[in-house]
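Novice: Starting off with a structure, shown below.
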Amino acid sequence: MDAPLASLRRAVFRLAEQGAALSALYHRARLLGCEHLPLKGPVLLVGNHGVWGYETPAFFHLIHQGTGRYPLGLTERGFFRIPLIRTVLPWLGGVEGTRENAMTALRAGSLVVCYPGGAWETFKHSHGRYRLRWEQSLGFARLAARAGVPVVPFAGQGVDDTFRWPPGEERLRVRLTNDDKYRMPLVMGMGPLPWPVRLTFHLGTPHAPPPPDASESRLRAFRDTVAASVRGLLTRHSHA
């Protein structure tokens, strides 16, 4: 990487860090259960995504504060088809969500964050608040089995309350691509800012990965167990 581009990358990263810190301060964000994250070595965090994915910078900021580690986020592949975004996202810790990229990150000992709901949860309807949209995805279960890494479930409270859906929300959705999951909702904040709700992220007890040769049924059972852990964290701490 040449010097001007490296300088630009560092400047963008510093600006993003400042923005994430301000977002965490604005939302009085907190991270509970940080003792479940190792201070070194690979681990896969799996949990729910908020509307527009707005909460992610604050979450990553808290993880870095609590562990000294910069997490990497597996990002919906569709976003890497947008020229500017596919350039900047890797500068900010976003990795295109392929199995190969994820394996490379875990083999390097990284702390990797995965949102199995992807765009389905990011661009949700109002009635989809705090509902997991993991569909039939086995990606993270296969990844954990193949890499042999623990999975730490997490749940974000407040992440679907930072914006609100206006009346007639279905008519106000913008289709970004032909894929139905990329229908972006138009939501409202408090004037130019998101609503100042508190963001709380709960980390659960790690799950040991399935064996590398796990059957489809065992992978499905593992996925459902992790999903149940996330739902349990959401329910248990819904009034925290």
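Novice: Limited to the stretch 177-230, what total is found for residues that are assigned to a helix (DSSP H, G or I), surrounded by fewer than 16 Cβ atoms within 10 Å (Cβ to Cβ) and basic (Lys, Arg)?
Specialist: 2
Novice: For the stretch 21-30, does any single residue satisfy the condition of being touching a helix residue (DSSP H, G or I) at 6+ places or on another chain (Cβ under 9 Å), more than 25 Å from Tyr130 (Cα to Cα) and surrounded by fewer than 17 Cβ atoms within 10 Å (Cβ to Cβ)?
Specialist: Looking through the stretch 21-30, none of the residues is touching a helix residue (DSSP H, G or I) at 6+ places or on another chain (Cβ under 9 Å), more than 25 Å from Tyr130 (Cα to Cα) and surrounded by fewer than 17 Cβ atoms within 10 Å (Cβ to Cβ).
Novice: For the stretch 69-146, give me every one of the helices (runs of 4 or more DSSP H) that falls completely inside it and has 1 or more residues that are modelled with pLDDT of 85 or more and crowded, with 21+ Cβ neighbours inside 10 Å. Show your work before the answer.
Specialist: Numbers: elements: 83-88, 99-107, 118-122.
Of the helices (runs of 4 or more DSSP H) lying wholly inside the stretch 69-146, those with at least 1 residues that are modelled with pLDDT of 85 or more and crowded, with 21+ Cβ neighbours inside 10 Å span 99-107, 118-122.
Novice: Show the residue pairs meeting these rules: Cβ distance below 6 Å; 6+ apart or different chains; first residue within the stretch 21-46 and small (Gly, Ala, Ser); second residue assigned to a strand (DSSP E or B) and at pLDDT 95 or above.
Specialist: Here the result reads Gly33/His202; Gly33/Leu203, each pair linking the stretch 21-46 to a residue that is assigned to a strand (DSSP E or B) and at pLDDT 95 or above.
Novice: From (1) under 18 Å from Trp120 (Cβ atoms); (2) free of Cβ contacts under 8 Å to residues at least 24 places away in the same chain, pick out the condition that doesn't hold for Asp179.
Specialist: So the condition that Asp179 fails would be (2).
The values are calculated or read from the model by the stated rules, or taken from the named source; none is laboratory data. No experiment lies behind these values; they were computed from the predicted model shown. Positions of Cβ are backbone-derived with ideal geometry, glycine not excepted, and every protein chain shown enters the neighbour counts.
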